[in-house]
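Please treat every number below as a calculation from the coordinates, not as lab data. In this text, all values refer to a predicted model and were calculated from it rather than measured experimentally. With ideal geometry, Cβ positions are generated from the backbone for all residues, glycine too; neighbour counts draw on all protein chains shown.
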Amino acid sequence: MSDTETMQVVYRSDYRPPTFWIDHVELEFDLDPHNAIVTTKITVRRNTDQPSRTLELVGEQLKLLSVSVDGVALNDDEYTASSDLLVLNDLPARCEVQTKVAISPVTNKALSGLYQTSGNFCTQCEAVGFRRITYFLDRPDVMARYQVTIRGDKSTCPVMLSNGNRIASQDLGDGRHEVVWEDPHVKPCYLFALVAGNLKCHRGSFTTASGRDVALEIWVEPQNIDKCQHALVSLQKSMKWDEDVFGLEYDLDVYMIVAVNDFNMGAMENKGLNVFNSKYVLASPETATDDDYLLIEAVIAHEYFHNWTGNRVTCRDWFQLTLKEGLTVFRDEQFTADQTSAAVKRIDDVAGLRAGQFAEDSGPMAHPIRPESYISMDNFYTSTVYRKGAQIIRMYHTLLGQDGFRRGMDLYFRRHDGCAVTCDDFRQAMADANDTNFDLFDRWYSQAGTPELFVTSAWDESAGRLTLSMRQSYPDLAGDLPGTKDRKPVPLPIRVGLLDAESGAELSQYNDVLLLETESADFQFEGLDRQPIASVLRDFSAPVRLRMQRSDDELAFLMAHDTDAFNRWDAGQTLATGMLLKMAQQAADGQPLDEPKLFSDAFAKILTDDSVDEAFKALAITLPRESVLGQEMDVIDPDAIHTAREFFRRSVAGSHRDQLTALHQSLAADGPYSNDQQSINRRRLKNVVLAYLVSLDTPETDQIAADQFSGADNMTDQQAALAILANSNAEQRIAALDEFHRRYHGDPLVLDKWFAVQASSSRAGALSEVRRLSGHSGFTIDNPNRVRSLLGVFSVNQSVFHQADGKGYELLGDYVLLIQSGNPQLASRLVSAFNSYRRFDTGRQELMLRQLKRIASEPNLCKDVHEIVQRALKF
Ligand code: TRP
Ligand code: ZN
């Protein structure tokens with residue numbers, strides 16, 4: 001890319017339809033690692049709404065070999081071409097354009113376009129990778145039918161896949177063979193995929209509600225063929241769920257999933273041919289944890305659900321990304337809630353939203369779920385677009401109920417199937433199908449930042465009336481970011497319930513969803529005998545920060561009695577947060593720390609409460625993350641937070657040592673490993689309990705972890721024990737790490753865990769360990785999973801990354817610079833760890849700024865990293 005183009009800003013308001021449409025695409029690939037030849041024939045048709053005789057096709061790093069129109073080779077004066085643009089002048093209203101280009105998959109380290117992974121060919125086109133394969137109108141509103149011919153070496157590429165149906169194949173006689181694929185559905189080019197290499201197939205099938213048989217194929221490297229069954233079952237469950245809940249059936253005869261080791265994201269929903277990070281496919285009890293199993297099911301579901309929300313109905317332009325991602329995340333969240341426990345799933349999701357998205361929404365990368373501009377679209381695959389986007393969809397669902405939401409979805413598909421549309425189109429379909437008006441919801445799409453919801457309650461004894469006064473506002477944001485000025489109130493569905501203050505019983509007639517659409521409003525509850533306790537924002541019904549003054553006793557009451565599991569959990573988190581912040585202040589002032597008595601008592605009660613399952617107990621006794629505590633401080637003090645949280649945990653563990661020891665023992669499996677929900681829940685609680693025990697730092701408690709490590713018959717218990725030991729002073733720590741490495745260094749996904757547990761340790765000297773591990777023979781910057789498991793995990797390990805001498809910042813800076821030239825997407829994820837610099841003391845700010853400036857001054861900085869760093873520096 002030339003320098004001027006590199007940093008061009010794209011604005012949402014600049015959207016114009018294309019000057020030509022493309023109806024049909026014929027692609028021919030002659031595969032070769034260094035010199036793959038791509039021949040493209042496109043049938044183009046002038047867009048009568050945008051009459052122009054000029055067609056501008058974009059490319060990236062392409063070597064043009066020839067170009068012709070309607071079979072006639074063009075002379076040099078009939079077109080202009082560079083490696084990233086091909087301009088054809090004076091085209092007729094309809095014609096066929098043929099181009100031939102050469103590309104080099106083996107040197108493609110960006111993992112965008114056509115690249116090689118573990119010796120196999122693979123593509124990634126979203127968002128703008130297709131232009132690295134051929135000159136094209138690389139934009140999602142250009143939808144075409146595709147036919148793809150692949151020619152490759154029979155020995156290295158016995159398997160050659162693309163979208164749709166395989167319609168022909170032949171031996172070419174010279175050691176090569178050819179396969180032809182045809183996709184009957186129109187699609188944007190970002191959904192194109194090609195995979196070729198030495199792969200084995202795990203097969204299954206699914207019969208749709210209307211009785212069609214669909215072949216299910218999971219393609220993996222030969223050594224992984226025994227690790228595909230869970231992915232297959234997950235796919236079958238997803239297909240059934242989408243039929244049952246949304247009436248949506250699959251629309252091709254084959255659904256293929258390919259697992260690859262080198263991948264920038266989780267997975268990709270290419271039509272009929274999903275490409276997955278192998279982390280979200282491969283599982284066996286010996287190598288994958290319960291969390292891995294759950295994630296695999298969720299990602300398989302997510303990509304499957306994209307077939308309707310994303311592929312059949314796609315985005316008009318990339319600013320509309322949340323149209324498909326927010327909606328599809330919402331759908332996968334509902335799916336997981338139905339498969340497991342709705343309460344636990346909701347708590348997990350909100351904890352993730354608060355840790356990641358809330359932080360993003362208050363820093364230099366704050367943007368509306370529908371951004372206004374970008375330099376690199378890859379930088380906007382964010383937790384705001386995905387996770388906050390899903391919360392916005394969830395609010396329609398809360399207001400309309402499942403039936404109303406379904407009516408809206410049905411109308412959305414009736415109106416827009418086969419089209420590329422906008423977030424406004426979705427909102428309109430939801431409103432029209434329910435004879436309602438969602439105009440105010442537009443603000444959720446155009447405003448950035450997390451609203452604060454202030455709630456006070458007033459009790460009128462003589463009238464028997466409780467009044468909840470609510471007010472919403474946005475906290476000020478530094479910088480001059482789009483969507484942060486003149487913000488207006490947003491519609492907030494607020495689920496509320498009342499509890500009897502004496503018995504703790506639910507006063508069920510008062511359950512309601514209140515709608516706050518203005519800056520403030522009062523809501524009244526009449527006919528009460530005595531003052532109740534209000535449970536507000538149940539189920540986290542809107543993505544806001546709830547600000548409600550409550551006494552610790554009231555929080556402890558809600559933690560014990562709320563019938564809404566989310567708020568029961570949240571009361572405990574709020575209680576712990578208040579106590580922890582006070583302790584952090586004491587630690588910073590060099591004062592003795594208070595004992596967390598109130599929490600400690602509630603803790604013991606939760607553990608013996610038979611009305612909740614083990615997974616909920618595990619969540620209820622897990623303390624807020626250090627980064628979430630940091631968000632509540634004016635100036636984040638990572639050391640004080642760490643000291644306070646460690647002290648808190650040790651103190652609670654010390655008060656209940658015998659109970660915890662007995663509980664850990666009773667939760668140990670009495671039979672062989674099982675994967676049923678109850679066994680999973682028990683392991684989850686057992687391992688949170690183990691962390692409490694080992695925090696006591698005694699030889700006896702260390703031994704419990706060491707025994708669990710060596711006796712485990714599954715990765716969940718083994719990995720948990722290892723992570724706990726890696727974070728401890730236990731004398732068994734090194735031996736366990738060595739043993740784990742000896743056993744698993746040949747399995748990349750398990751080796752990732754070995755790096756990750758050490759990168760998440762906060763023991764003294766953890767930072768120099770991370771530095772040392774970056775020089776380990778198993779570490780490589782060419783594999784994104786490996787980079788994320790060491791450097792990604794370390795960069796969110798607050799007390800270690802923010803070590804006061806700045807050595808953590810330096811380490812990250814070194815690697816951002818090393819990685820950015822090869823893999824911009826990966827480097828730009830890493831560099832985002834500096835986005836919070838304004839939230840720290842001046843010493844740390846200086847040190848982080850030094851790294852940002854050092855990176856900014858790199859002469860050949862990629863545009864992805866450039867965009868993040870410039871936003872940070874201007875904030
Ligand atoms: N559409 C994918 C998903 O959310 C995301 C994705 C996969 C992606 N690979 C990517 C986005 C590469 C940008 C770049 O399911
Ligand atoms: Zn997605």
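Reported value for the stretch 332-451: 126 Å³ per residue, from the convex hull of its C-alpha atoms.
Rg then Dmax, both in Å and based on the Cα atoms of the stretch 509-572: 12.5, 33. Within the straight-line cut-off of under 18 Å between alpha carbons, the lysines reachable from Lys686 are Lys605, Lys617, sequence neighbours fewer than 8 places apart in one chain being disregarded. Here the gap between Glu56 and Gln223, fully extended at 0.36 nm per residue and compared with their Cα-Cα distance, gives a gain of 55.6 nm. The order of Trp459, Trp181, going from fewest to most other C-beta atoms within 10 Å of their C-beta, is Trp459, Trp181.
For the stretch 374-438, would you read off the P(r) tail past 20 Å as a percentage of all alpha carbon pairs? Cα-Cα pairs in the stretch 374-438 separated by more than 20 Å: 36 percent.
By the Kirkwood approach, averaging reciprocal distances over each pair of separate Cα atoms, the stretch 680-809 gets a hydrodynamic radius of 15.0 Å. In terms of packing, defined here as the mean over residues of other Cβ atoms within 10 angstrom, the peptides 81-90, 808-817 line up highest first as 808-817, 81-90. Ranking of Phe779, Phe130 by neighbouring Cβ atoms within 10 Å, starting from the fewest: Phe779, Phe130. With both labels modelled 7 Å from their Cα along Cα-to-Cβ, the Asp291 to Ser373 distance reads 3.9 nm. So which lysines can Lys187 reach, going by Cα to Cα under 20 Å and dropping same-chain residues fewer than 8 places off? Within the straight-line limit of under 20 Å, Lys187 reaches these lysines: Lys41, Lys271, Lys324.
For Leu492, the residues whose modelled amide H falls within less than 5 Å of its own, excluding neighbours fewer than 5 places apart on the same chain, are Leu516, Glu517.
The Cα-based radius of gyration of the stretch 609-703, divided by its Kirkwood radius, gives an Rg/Rh of 1.04.
Annotation note: trypsin sites (Lys or Arg not before Pro) in the stretch 1-68 located in DSSP loop regions with a Cβ neighbour count of at most 16 within 10 Å are Arg53. Per residue, the convex hull spanned by the alpha carbons of the stretch 254-304 comes to 73 Å³.
Which whole-number value in Å³ per residue fits the convex hull of the alpha carbons of the stretch 8-167? Per residue, the Cα convex hull of the stretch 8-167 comes to 130 Å³.
For the chain, the relative contact order comes to 8 percent (Cα pairs under 8 Å, sequence separation of at least 6). Computed over the chain, the per-residue total of -39500 (n - 2.57) for DSSP H runs of n ≥ 4 gives a 222 nm mean residue ellipticity of -12000 deg cm²/dmol, rounded to 500.
Ordered by the number of other Cβ atoms lying within 10 Å of each residue's own Cβ, fewest first, Asp378, Asp417 fall into the sequence Asp417, Asp378. Computed from the C-beta positions of Gln665 and Ile37, the FRET efficiency with R₀ = 51 Å rounds to 0.20.
Stokes-Einstein diffusion for the stretch 556-620, with the hydrodynamic radius set to the Kirkwood value over Cα pairs and evaluated at 20 °C in a medium of 1.002 mPa s, equals 170 µm²/s.
Across the chain, the fraction of Cα-Cα pairs farther apart than 41 Å, rounded to a whole number, is 37%. Based on the Kirkwood radius over alpha-carbon pairs, what is the Stokes-Einstein translational diffusion coefficient of the stretch 196-278 at 20 °C with 1.002 mPa s viscosity, in µm²/s? In µm²/s, the coefficient rounds to 161.
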